[in-house]
Every structure is written in C-alpha cells, then in structure tokens.
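Here's the structure we're looking at; comments come further down.
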C-alpha cells in the first residue's frame, strides 16, 4: 500500500510518491505502458486508452466513436469462440468503456491472479475486432436508448444547449454522445476506417494499477502487445482543427420539469498542450478549490447568505480548449438578487479581492491531500494515469501537485484576466415550466451588466 505524507512538514509529497510508484516504458511499436503498484487488495485494473473521441469526429461522424466503443466489445471472439461477456465471466472481471472529448478507454477490474490472461484478452480486443452488420444494428439501438434517456433529463438538455452555443462551429468535436443521424448512417466500413486510423499502438497507452509489479506489467505487455504493428500517426494525416473561439456572450432560457432554477455559466478555458497556456491550468484548479471551499469568501457572498442553495465552478483540463463551468441552484424569486451577488463576486475576482492569502494556502494544501487520497485508490489510479496521458502527457501528471504548490496570486490574476474577466461566456438558465418569459429580463440584465463592464 502507498503511504503518502501530506502534512506541512512532511519530507514526501504526493508527487514524490507518484514518481516512485509510477513506472512507464514505451514498446518498440510505440505503445506506452504504465504501471502503478498498490498491494492493498488483490485486485488489478487494466485500462487501455486511445487518443480519439469527440475531438476526432468529422462532419457526419458525430457520435460514431461512441458507437465504436460499444461495437468493440461486441466484436471480440477468442480462439475458443467465446464472446467478451463469457471471457470476462471466466476471469471474474468487471468491464466497461467510455468515450469522452479526447479519450476512448476500455478497462477491466479483476483478481490480480488473472492479470496475464486479462492482458492477453485486452490485446486481442483492440487488435482483432470483427465488425458485423447484425452487431451494428443491435448496438445502434443501445446508443439510441442513451439518447432517449438523456432527452428525458432537463439538466442534460440545458447543458447541451449551453455547450452548442459555447463551441459554435466546433460543437461537433465536443459532443461525445453524437447525433442520431450520424449513428443511423454509420457503416461497418466506417468503423473499420476508424479502427485502422486511431486504434494503433503508437496512439495508445495501457495503464495497470493494483496488486502487481512493474516488471510483471512490462513483461506481459511485451508478450501480448509487442507484435501489434505500428501505424502512421493519425494526427499527421488528420490534424485536429483549432477550436472556434466564442465571439460574444449569449444566453438561453429553457423550461423543464424542475422545481427551482439551475444556472449554467460556461467560458472557453486554456488548452493544456499549449505551452503558453499550461500554467493557466494549474491556476484554474487552485482557484476552483478556493471558490468551492465551504465557508470561503465566495461561498459566503453567494451561498451562505441564502441566495443560491449551491454554487460551484470548475475547469476541465483538455488539450483542445477545456471548458470552465459554473453551476448554481436557486429559486425563481431569488434569481435576480443571486445574479447580482454573483456579478459582484466576478468583479471581485477581477480586482483581486475575492479571496484571502490564507484561502489560497488552504486550497493548495487541500489539493495536495486530495492527490494523496487519489493515489491510495489502487484500482482507480489506472484511469487517472490514462486520462492524463491522453490529454496532457505523463510528465504533467507526475508534476501536477508540485506545480499546484507553486501557484501564487499573480498566476490566478492572470488566469482570471485571460479567461473570465470581460471574456465572452454562455449563460443558461433552466426554469420551471411556464416561468421562462418572466425570467428572460433577469438573464438579459445580467448579460448586459457583463457587457457594460467589458466596454
């Protein structure tokens, strides 16, 4: 088990512990292999991640990478004619996959005694899929069920409406779920094209964490993945276009089956792979920690006084423009004074009076402690490592907590100026049915105040 010292006088930081526990190598075919040892329980997680997802979607392909994720499990047949669910049962394994903006991953959680067999199965899963029309027709229906489920969720619909406006012409590359027409039009030929372009070892990482040694991981990876043939870099032939900037602030009011009001504010944030913006990603995370802390100056002005029942802000780290999102809940009657208070705190951010130096120090320490707890999640840390590899690289992951400790007020001030203060945003308000017209002037007043401040 990893034992991490996180008190102020400790000699070992979470970053130091991670650097000791995390080992990686690159096979001759370009596959990155990551091993993180944690022997607390006799379990192991294997996560194979590809740099693809919504960001690689071309026009007409919106959601096809998500459909591909479903199809890959259905397209597995081993040498004994066992399908994936049967093989997972034989190994006592839980399994799943996920498609997001810049990552598609497939993973298993199983007893460490079955580790090598599972590595062999995962290698066959991603190397030798057999796409059939029957499976495609069935999985289309499964994805359509996800569409129907989300369409019944008013918060999802409001969030989607805000995102469509935030990403403008780049929305298709920020929409992992996709569009029904693209799913309907997908063919086995298109799935095969996606497979040959993005499902290659030099665009993949295998992350393993749990009751296993790095030597075992590297040996097993070489045995089972080593003969997987390298292919051309998919992003040389199909580079990701720049994300369209948001030209101006805008707002949208949606009515739904809700009792109170949900406020969504979103800005376009930094890109972690842009060297001129990478430092802003650390400042973003520290500022979010400051503002979200119970009893913070920000929370006192917008939540503790009863205007909002909750209000949180966060930045999603991505290579191709990560969003900054504020989500708050209030009542219909409180929306106007709550927005006034929020506007006041945004102005306080611009003037540097939204938090104290003590709050800044507490936020850095809170992030440090959180990283320590994350490291002690022996079966979950594989997913974390795979995510950071896909969007930022392992060096970013290794140095993350140390970099957070160096964030000072000037870095946060710079982040606020670049991405929040007087920057265009999308404001969405989800309100009870029949109350939209009543609240339109309130949202317009808030947006006009921001515009006036920007002039």
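Rundown of residues vs (1) under 19 Å from the mean Cα position of the chain (by Cα); (2) surrounded by fewer than 14 Cβ atoms within 10 Å (Cβ to Cβ); (3) modelled with pLDDT under 95, yes/no style:
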site	(1), (2), (3)
388	yes, no, no
392	yes, no, no
401	yes, no, yes
417	no, yes, no
431	no, no, no
439	no, no, yes
Might you check whether a residue that is under 21 Å from residue 424 (Cα atoms), modelled with pLDDT of 95 or more and surrounded by fewer than 22 Cβ atoms within 10 Å (Cβ to Cβ) occurs anywhere in segment 282-303?
yes
So which of 133, 124 is touching a residue at least 12 places away in the same chain (Cβ under 8 Å), on the phi < 0 side of the Ramachandran plot and loosely packed, with under 13 Cβ neighbours inside 10 Å?
133
From the list 368, 435, which one is closer than 16 Å to residue 286 by Cβ and not assigned by TED's automatic domain parsing to the domain that holds residue 160?
368
When you check residue 62 against the structure, is it touching a helix residue (DSSP H, G or I) at 6+ places or on another chain (Cβ under 6 Å), assigned to a loop (DSSP other than H, G, I, E, B) and more than 21 Å from residue 122 (Cβ to Cβ), yes or no?
yes
Which members of segment 283-323 meet the condition of being assigned to a strand (DSSP E or B) and more than 25 Å from residue 51 (Cβ to Cβ)?
310, 311, 312, 313
Search segment 92-106 for residues being under 16 Å from the mean Cα position of the chain (by Cα) and in a strand (DSSP E or B), and hand back the single one that is farthest from residue 208 (Cα to Cα).
99
Residue identified as assigned to a loop (DSSP other than H, G, I, E, B), under 25 Å from residue 413 (Cα atoms) and modelled with pLDDT of 95 or more among 239, 245, 232:
245
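Could we say that residue 252 is in contact with a strand residue (DSSP E or B) (Cβ under 7 Å, 6 or more places away or on another chain) and surrounded by fewer than 21 Cβ atoms within 10 Å (Cβ to Cβ) here? I'd like the intermediate steps shown before the answer.
Details: in contact with a strand residue (DSSP E or B) (Cβ under 7 Å, 6 or more places away or on another chain): yes; surrounded by fewer than 21 Cβ atoms within 10 Å (Cβ to Cβ): yes.
Yes; evaluated as a whole, the condition is true for this residue.
The values are calculated or read from the model by the stated rules, or taken from the named source; none is laboratory data. Keep in mind it's a predicted model, so treat the numbers as computed, not measured. Neighbour counts are summed over all protein chains in view; Cβ atoms, including those assigned to glycine, are modelled from backbone coordinates with ideal geometry.
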